[in-house]
1. Being of a type outside the set (S, T, N, Q) and in contact with a Phe, Trp or Tyr (Cβ under 7 Å, 6 or more places away or on another chain) is the filter here, so list the residues in region 127-164 that pass it.
2. Give the residue that is surrounded by the fewest Cβ atoms within 10 Å (Cβ to Cβ), with candidates limited to residues of region 301-324 that are at pLDDT 95 or above and assigned to a loop (DSSP other than H, G, I, E, B).
3. Considering region 185-216 alone, what residues qualify as being farther than 17 Å from Thr124 by Cα and part of a loop (DSSP other than H, G, I, E, B)?
4. Which residue is nearest to Val25 (Cα to Cα), if the candidates are limited to region 71-113 and must be among the hydrophobic types (A, V, I, L, M, F, W, C) and touching a Gly at 6+ places or on another chain (Cβ under 7 Å)?
5. Take region 257-274 and flag every residue that is crowded, with 22+ Cβ neighbours inside 10 Å and either more than 16 Å from the ligand (Cβ to nearest atom) or not in a helix (DSSP H, G or I) (or both).
6. On the given criteria, is Ser277 small (Gly, Ala, Ser), in contact with a helix residue (DSSP H, G or I) (Cβ under 7 Å, 6 or more places away or on another chain), surrounded by 21 or more Cβ atoms within 10 Å (Cβ to Cβ) and not in a loop (DSSP other than H, G, I, E, B)?
7. Taking only region 136-184 into account, find how many residues are more than 16 Å from the ligand (Cβ to nearest atom), touching a residue at least 60 places away in the same chain (Cβ under 8 Å) and assigned to a helix (DSSP H, G or I).
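The values are calculated or read from the model by the stated rules, or taken from the named source; none is laboratory data. Every value quoted in this text rests on a predicted model; they were computed, and no experiment measured them. Positions of Cβ are generated from backbone atoms using ideal geometry, with glycine treated the same way; all protein chains shown enter the neighbour counts.
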Amino acid sequence: MELLNRPRRLRANPVIRSLVRETRVSKDALVYPLFVREGTDIVEEIPSMDGQYRYSPDRLDGILTQLIGAGVHSVLLFGIPEHKDEIGSGAWDPQGAVQQAIRYIKKKYPGIYVITDVCMCEYTSHGHCGALHGQVVDNDETLELLCKTALSHAQAGADMVAPSDMMDGRILAMRNTLDENGFSEAPIMSYAVKYASAFYGPFRDAAGSAPSFGDRKGYQMDYHNRREGIREAALDVEQGADIIMVKPALSYLDVVHEVSGTFDLPLACYSVSGEYSMIKAAAKAGLVDEASIVCETAVSMFRAGADILITYFAMDLARYIDEGRIG
Ligand code: PBG
């Protein structure tokens, strides 16, 4: 056979395969989402998310020590308040779980980079991501609540804020608030392209944030749309976002790819709770090998163009990188 091209030449052994890899995966690119719950002495497993826990701020040492040991240095904090109200005022409480956790982490683990999710749904009694006007989330009124929340996170010492609400104009409003209050150096990671997704199911269980009526389709995106994602990202770039995000990840790799090719900002993708719990459940049922699936899906996100991966598997991935399974 006279074959000029024999792609198998570059697949002959692990060394050459690794030499020609097109996608390099680094622990530096991983962010671990962390649920902090108001109260003390709480470490409770989340029923919908096998292996994930809610922690009160005073009980974060174990998980943070593990993260540091694994080589994961960035966390994304979510708060679970004790009390909720119509406008979610717990979100900007200086004594709230997130604010306490930020202070705790920055004091005891200054090497950890603390990013905070900024949204109202965990704090509102109705579970929507902002203030209601009738049955509808009022955009401009919600901006004020979000800005107050982001500012309180920055004041507690957060390194970066990450608004996940999908209100129009929030990046500009938040940038202005942070700048006017002396936080012009705090970056904003925008959940720029966030779809209304059933993949958030386990998270809503974890955070008790399911809407009490209706759905989030009036603010989160319709999953039929790709160009709209580019438009959303463009708006956030114009408004001063430092990092843009696509969420969820696995069913949206086309969007990750297109956004990464269109904008020159760092791109994060968030492999969400449903992606995590589906893999956990399938592996538990003996249908797939968990480690192999975690590696393959994570690499697919980087291959699609993500620079940063937010994932509940961050610590597992760090281990797989150490073991040379991926990298
Ligand atoms: C808050 C928020 C959600 C997630 C991140 N921030 C839930 C939602 O929008 O309903 C989902 C994260 C996950 O599923 O892992 N708005």
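1. Listed by number, the residues that qualify are Cys129, Val137, Lys148, Ala154, Asp159, Ala162, Pro163.
2. The extreme case among them is Asp307.
3. Answer for region 185-216, where residues must be farther than 17 Å from Thr124 by Cα and part of a loop (DSSP other than H, G, I, E, B): Glu185, Ala186, Pro187, Ala196, Ser197.
4. Among residues in region 71-113 that are among the hydrophobic types (A, V, I, L, M, F, W, C) and touching a Gly at 6+ places or on another chain (Cβ under 7 Å), the one nearest to Val25 (Cα to Cα) is Ile102.
5. Result: Val259, Leu267, Ala268, Cys269, Tyr270, Ser271, Val272.
6. Answer is yes for this residue.
7. Going through region 136-184 one residue at a time, the tally reaches 5.
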